[in-house]
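Undergrad: Here it is, the structure, as structure tokens.
Here, each number is a calculation from the coordinates, and none is a lab measurement. Just so you know, these numbers come straight off a predicted model, no measurement behind them. Note: ideal-geometry Cβ built from the backbone for every residue, glycine included; neighbour counts use all protein chains shown.
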Amino acid sequence: MIRFTIRTLLKNKTLWAWPGIFILFVVAVTIWGGVSADPSGYSYAINLGGLPLPTGIVINQLVSITILIAIIGIPTHFSENIKPERASLLLSKPISRSELFVSDFAGVYTFCFAYTVISVLLLTLLTAVHGVLFPFHHAVVMIVFLPLILISYYITIVLFLILTNSYLGGVILGYFLAGFSSLFLNVDPFLQMFGLTDTWFETLLNILAYLIPSAEGFQQIMGHIFSSGFSSLDGSLLAFAFASCVPFSLLGFYLLRKKQF
Amino acid sequence: MILQANNVSKTFKKSKADTFHLNIDHLEIQDGSFAAILGPNGSGKSTFLKIILDLLYADSGHISLMDKNHKDKVSRANVSYLPENYSFPEDFTIREMLHAFADLKRSALNVGKIDHKINKLANAFNVSYLNKKMKNLSKGMRQTAALMHTFLADDQFYILDEPFNGLDAVQKKAIMDYIFTIQKERNISILITTHILSDIDKTCDTLFLINDGRIINSATKNEIQDQFGSVEDYYLNYFDTKDPVIS
């Protein structure tokens with residue numbers, strides 16, 4: 001089933017835009033710009049058409065576009081797989097609903113991991129062409145955390161797909177709810193901004209923070225390591241981000257096991 | 001015994017005002033048998049097949065497949081199913097689709113053997129368009145590809161829900177010939193649902209009539225020939241309730 005998932009993802013033309021964006025970026029910088037080593041030797045600087053581009057912003061933008069492409073493209077196969085017309089073919093092989101759920105996540109993770117490695121290799125190629133070494137911690141943090149960010153969005157989307165049977169509804173709800181998770185990492189300023197000083201409201205937000213997969217948690221960790229190296233890894237934030245993925249995963253698993261086709 | 005169902009019931013809401021009840025008191029199909037379930041639209045044929053395959057959960061009752069509970073994956077691993085409505089990945093060619101689905105079977109053949117089997121089926125089903133994408137197929141071609149997918153595995157029991165939808169007479173004959181050949185070779189069992197009576201007139205050895213979720217009659221081929229002459233007359237005897245129009 002993992003191979004089936006990967007096969008369908010590789011056939012998805014929307015997802016070709018992911019490596020496409022990176023190839024376009026590499027080609028554009030190679031033709032119209034350049035890459036130079038940062039004086040600190042810890043990073044590198046990119047310029048395009050004579051304009052210097054801060055590395056952090058460039059990578060952030062590439063990651064954001066990648067997330068958007070993946071969120072639109074990846075759930076299409078799951079949405080198809082849980083329609084009765086496809087599910088009856090898959091489950092009669094026979095594949096159990098549990099196997100369908102678990103191997104789908106394994107397939108999606110493998111796909112995201114492979115495409116991230118390709119993206120990192122393209123960035124490494126870009127810097128290498130200009131005689132600059134792509135920082136090791138940038139490569140590792142992207143390979144480790146980009147698939148995790150995508151999986152945390154995907155968990156939310158899968159839950160809503162199982163509940164609503166609607167691709168568009170699932171993707172939109174999943175995207176906004178997982179995006180909403182950024183709020184939970186900044187509860188205090190938010191409460192002060194709206195004058196919500198009741199402790200019960202803070203408690204409610206804290207509970208929600210552990211219920212909704214925290215894509216923002218993984219993104220913040222990625223950002224910290226990007227700018228300050230592995231020493232800035234926040235273990236408690238990492239544990240929180242993983243813990244927040246558990247409730248929706250278990251709920252999705254339970255609901256799919258009960259689903260009839 | 002390839003299939004035995006006892007006291008299987010399932011109730012679900014078709015719409016706010018309409019509730020459907022399926023009640024199969026007893027149904028059994030022998031090894032090597034070619035059985036058909038006949039009934040009007042909405043009588044519960046597909047629902048019953050889906051319960052056998054655990055796609056729908058029965059409220060009560062017991063089903064055994066090859067002498068094991070139907071929920072046991074080991075027994076279902078020897079069953080191939082063609083649903084009435086199906087959806088294959090549209091961007092796959094027929095060959096890619098067959099490889100992808102063959103891979104899902106526990107008894108998956110290796111790539112070389114799958115290719116050999118695909119070519120054998122393509123030859124038997126007159127398919128010369130294996131490299132055509134699923135989205136570019138006509139209804140008949142799509143149905144043939146779906147049947148190829150069903151017969152790709154060397155299983156013991158084939159459950160076919162309206163398998164001849166959209167097929168022309170030549171294609172139907174090619175597929176029936178293939179089914180008869182493998183039935184002789186491997187003593188497979190077939191359970192088919194259809195509402196095109198001519199499709200099964202000379203082929204089935206056991207028939208079940210279903211109406212409003214209940215098996216209202218069953219008969220062997222010989223019994224039907226002796227009492228009614230043809231499957232059509234047998235069917236009409238139970239379902240044609242209209243008075244003849246007199247001009």
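Undergrad: Please give the FRET efficiency for B:Arg214 paired with A:Arg257, using the beta carbon to beta carbon distance and R0 = 35 Å, rounded to the nearest 0.05. Show your work: numbers first, answer last.
TA: Working: r = 30 Å, r/R0 = 0.85.
Here the calculated transfer efficiency is 0.70.
Undergrad: For chain A, place one equal point scatterer on every Cα, skip the solvent, and apply the Debye formula. What is log10 of I(q)/I(0) at q = 0.10, 0.11 Å⁻¹?
TA: -0.57, -0.68
Undergrad: Still on this structure, please answer the following. Which of A:Ser92, A:Ser181, A:Ser232 moves most in a GNM of chain A, Cα contacts under 10 Å?
TA: Of A:Ser92, A:Ser181, A:Ser232, the Gaussian network model singles out A:Ser92 as fluctuating most.
Undergrad: Further question on the same structure: Enter the per residue convex hull volume of chain B, computed from alpha-carbon coordinates, in Å³ rounded to the nearest integer.
TA: Taking only Cα atoms, chain B has a hull volume of 157 Å³ per residue.
Undergrad: Okay, moving on. Find the relative contact order for the stretch B:87-155 and round it to a whole percent, using C-alpha pairs within less than 8 Å whose residues are 6+ positions apart.
TA: Taking the mean separation of contacting Cα pairs over the length of the stretch B:87-155, I get 48 percent.
Undergrad: Further question: Please give the average number of partner chain Cβ atoms lying within 10 Å of the Cβ of each residue in B:82-95, rounded to a whole number.
TA: Details: counts 3, 8, 2, 5, 6, 9, 4, 9, 2, 6, 3, 0, 0, 0.
What the average comes to for B:82-95 is 4.
Undergrad: What's the average, rounded to a whole number, of partner chain beta-carbon atoms within 10 Å of each residue's beta-carbon in A:90-103?
TA: 5
Undergrad: What is the average number of partner chain Cβ atoms found within 10 Å of a Cβ in A:73-85?
TA: Other-chain Cβ atoms within 10 Å of each residue's Cβ, averaged: 2.
Undergrad: If you don't mind, there's one more thing I want to ask. In terms of the ratio Rg/(2.2 N^0.38 Å) built on C-alpha atoms, what value belongs to the stretch B:87-155? Present the calculation step by step, with values, prior to reporting the outcome.
TA: Details: Rg = 11.0 Å, N = 69, 2.2 N^0.38 = 11.0 Å.
Cα-based Rg divided by the globular estimate yields 1.00.
Undergrad: If you line up the long axis of helix A:199-211 against the longest principal axis of chain A, both from Cα atoms, how many degrees apart are they, to the nearest 10?
TA: The answer is roughly 90 degrees.
Undergrad: So, one more: Return the FRET efficiency for the residue pair A:Leu185, B:Asp59: r is the Cβ-Cβ distance, R0 is 41 Å, and the value is rounded to the nearest 0.05.
TA: 0.30
Undergrad: Further question on the same structure: Apply the Karplus parameterisation 6.51 cos²θ - 1.76 cosθ + 1.60, with θ equal to phi minus 60°, to every residue of the stretch B:190-203 and state each ³J(HN,Hα) to the nearest whole Hz, in sequence, with x for glycine and proline.
TA: For the stretch B:190-203, the Karplus curve yields 10, 10, 10, 10, 7, 10, 9, 5, 5, 4, 10, 3, 10, 9 Hz.
Undergrad: Can you give me the distance in nm between label points at B:Glu223 and B:Asn187, each placed 7 Å from the Cα along the Cα-to-Cβ direction?
TA: According to this spin-label approximation, the distance is 2.4 nm.
Undergrad: Once you wrap a convex hull around the alpha carbon atoms of the stretch B:1-98, what is its projected area averaged over all directions, in nm²?
TA: 8.3
Undergrad: On average, how much area does the Cα convex hull of the stretch B:118-247 cover when viewed from any direction, in nm²? Display every interim value, and only then the final one.
TA: Details: hull surface 43.3 nm².
For the stretch B:118-247, averaging the hull's shadow over all directions gives 10.8 nm².
Undergrad: Tell me what the protein assembly as shown gives for mean residue ellipticity at 222 nm when only DSSP H runs of n ≥ 4 count, each as -39,500 (n - 2.57), the sum divided by the residue total, rounded to 500 deg cm²/dmol.
TA: Theoretical 222 nm ellipticity from helices: -18000 deg cm²/dmol.
Undergrad: Can you give me the Rg/Rh ratio for the stretch A:92-163, using Cα atoms for both radii and the Kirkwood formula for Rh?
TA: 1.17
Undergrad: Hey, another quick one. Find the percent of Cα-Cα distances in the protein assembly as shown that exceed 38 Å, and round it to a whole number.
TA: Values: 53980 of 128778 pairs.
Percent of Cα pairs beyond 38 Å in the protein assembly as shown: 42.
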